[in-house]
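Beneath this line is the structure, given in structure tokens, with notes to follow.
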Ligand code: GLY
Ligand code: MN
Ligand code: MN
């Protein structure tokens, strides 16, 4: 998928280490659950009701954690401590569709691979169900091998998945590079006057991925549409005049996601551009705050204060940032979380996990959409995605709650036609300074 020529070779030793880590984690998870085998189906196709059309296949994340195989339904990973992983690889005889290639790539030498031609043929290759932790969805049931998803096993594996291996970081960096190609093409399409749909197509073409490949549906909003947090309508006609553009779009690379947001003003001399620049500078400071030992909840609350400082500077709020946060006014302008864990899933698992044995770290009161409440540790990758929006529904609430005088409504009227601003990067927590995975990819592209 368009990686540098040396990239696959570089991954060989990294994958060996990654697999060693996966085995160690599985050994511990199985011991905790009292099982002898880890069994992970890749997942099956799903059919639309009363129809013969299948939904796009989505691989079981527990499967792609072991193997860079994202298009291999009806296959299985079996791991027994002390043994090489067994890959039951479904390669049907099929002249209607393209069948998966024969096994190849950096993983092959590390696994014992068994080709099967029918889904049922996997049964004879699976270990006894009663001794197996089977991680998957109910539809993957094969005979008596029904996913049991034991809590102690899942909790341990998902918690440990927060700590990305160097192999995973290498794949995530590549997912950044791919997405940045799309972001550059999208910006050019915006400047050229394309519609949201046209921008989306330019993005997909530049990345080489379409809706089935991308880690989530592209959010591409022009003008007021930038105020809809998950705007996915993709209008076919560009508005006139063009004022602003928000794009939240990522890419996938061997099952790993990137998730990047940028905001643009059509008139780069405008006050809205100045507000974007202020959010961008603040966002980079927030990214620098991704350090070991820092409570992500504190980063989120700090972001509220910083963003309200920007609104104060631009004359949108009349009260101090502290007052805006205390009264809930800030939540009308910044109504989502600062970010979330990311990796195999765009909203990756274990953002609330109190330990690898369960428990949950609750969100701070008044912040119902935060997806990450843990203290940062080396190896974690999180997004940092502050935003400021002009959303009538929420601004009406400010009035209803008796805080109308906290806001300069003429200034809201001035900014409303631009919708909103969000800037989003991925940041790796290290033992030292934050490692922003996204910004260097833009730097390379320039
Ligand atoms: N693209 C969804 C998010 O930023 O979380
Ligand atoms: Mn995003
Ligand atoms: Mn995100």
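The values are calculated or read from the model by the stated rules, or taken from the named source; none is laboratory data. What you see is a predicted model, and the numbers here were worked out from it, not measured in a lab. Here the Cβ is made from the backbone with ideal geometry for all residues, glycine too, and neighbour counts use every protein chain on show.
Taking residue 328 as the residue in question, decide whether it is in contact (Cβ under 8 Å) with a residue 40 or more places away in the chain and surrounded by fewer than 19 Cβ atoms within 10 Å (Cβ to Cβ). Against the criterion (in contact (Cβ under 8 Å) with a residue 40 or more places away in the chain and surrounded by fewer than 19 Cβ atoms within 10 Å (Cβ to Cβ)), residue 328 qualifies. Summed over region 206-233, residues that are within 23 Å of residue 55 (Cα to Cα) and either within 16 Å of ligand 2 (Cβ to nearest atom) or without any contact (Cβ under 8 Å) to a residue 24 or more places away in the chain (or both) total 13.
Please tell me if residue 371 is buried (at least 17 other Cβ atoms within 10 Å of the Cβ), within 15 Å of ligand 2 (Cβ to nearest atom), without any contact (Cβ under 8 Å) to a residue 40 or more places away in the chain and over 19 Å from residue 170 (Cβ atoms). So that I can check it myself, show each step before the final result.
Details: buried (at least 17 other Cβ atoms within 10 Å of the Cβ): yes; within 15 Å of ligand 2 (Cβ to nearest atom): yes; without any contact (Cβ under 8 Å) to a residue 40 or more places away in the chain: yes; over 19 Å from residue 170 (Cβ atoms): yes.
Against the criterion (buried (at least 17 other Cβ atoms within 10 Å of the Cβ), within 15 Å of ligand 2 (Cβ to nearest atom), without any contact (Cβ under 8 Å) to a residue 40 or more places away in the chain and over 19 Å from residue 170 (Cβ atoms)), residue 371 qualifies.
Quick check on region 381-389. Is at least one of its residues closer than 29 Å to residue 258 by Cα, in a loop (DSSP other than H, G, I, E, B) and either without any contact (Cβ under 8 Å) to a residue 24 or more places away in the chain or in contact with a strand residue (DSSP E or B) (Cβ under 9 Å, 6 or more places away or on another chain) (or both)? Break it down stepwise before answering.
Here is the first cut: in region 381-389, the ones closer than 29 Å to residue 258 by Cα are 381-389.
Pick out the ones that are also in a loop (DSSP other than H, G, I, E, B) and you get 385-386.
Pick out the ones that are also either without any contact (Cβ under 8 Å) to a residue 24 or more places away in the chain or in contact with a strand residue (DSSP E or B) (Cβ under 9 Å, 6 or more places away or on another chain) (or both) and you get 385-386.
Checked against the condition, which is being closer than 29 Å to residue 258 by Cα, in a loop (DSSP other than H, G, I, E, B) and either without any contact (Cβ under 8 Å) to a residue 24 or more places away in the chain or in contact with a strand residue (DSSP E or B) (Cβ under 9 Å, 6 or more places away or on another chain) (or both), region 381-389 yields at least one hit.
Does any residue of region 40-51 turn out to be touching a strand residue (DSSP E or B) at 6+ places or on another chain (Cβ under 9 Å), assigned to a strand (DSSP E or B) and closer than 18 Å to residue 123 by Cα?
Going through region 40-51, the residues touching a strand residue (DSSP E or B) at 6+ places or on another chain (Cβ under 9 Å) turn out to be 40-42, 45-48.
From the residues that got through so far, the ones that are assigned to a strand (DSSP E or B) too are 40-41, 47.
Okay, now just the ones that are also closer than 18 Å to residue 123 by Cα, so 40-41.
Yes, region 40-51 has at least one match.
Does residue 299 count as in contact with a helix residue (DSSP H, G or I) (Cβ under 7 Å, 6 or more places away or on another chain), within 16 Å of ligand 1 (Cβ to nearest atom), at pLDDT 95 or above and in a helix (DSSP H, G or I)? Explain how you work it out, then say what you get.
Details: in contact with a helix residue (DSSP H, G or I) (Cβ under 7 Å, 6 or more places away or on another chain): yes; within 16 Å of ligand 1 (Cβ to nearest atom): yes; at pLDDT 95 or above: yes; in a helix (DSSP H, G or I): yes.
For residue 299, the condition - in contact with a helix residue (DSSP H, G or I) (Cβ under 7 Å, 6 or more places away or on another chain), within 16 Å of ligand 1 (Cβ to nearest atom), at pLDDT 95 or above and in a helix (DSSP H, G or I) - is met.
Only one entry of 77, 72 meets the criterion of being in a loop (DSSP other than H, G, I, E, B) and under 25 Å from residue 348 (Cα atoms), and that entry is 72.
Can you pull out every residue in region 308-328 that is closer than 28 Å to residue 376 by Cβ and in contact with a strand residue (DSSP E or B) (Cβ under 9 Å, 6 or more places away or on another chain)? Scanning region 308-328 gives 308, 310, 311, 324.
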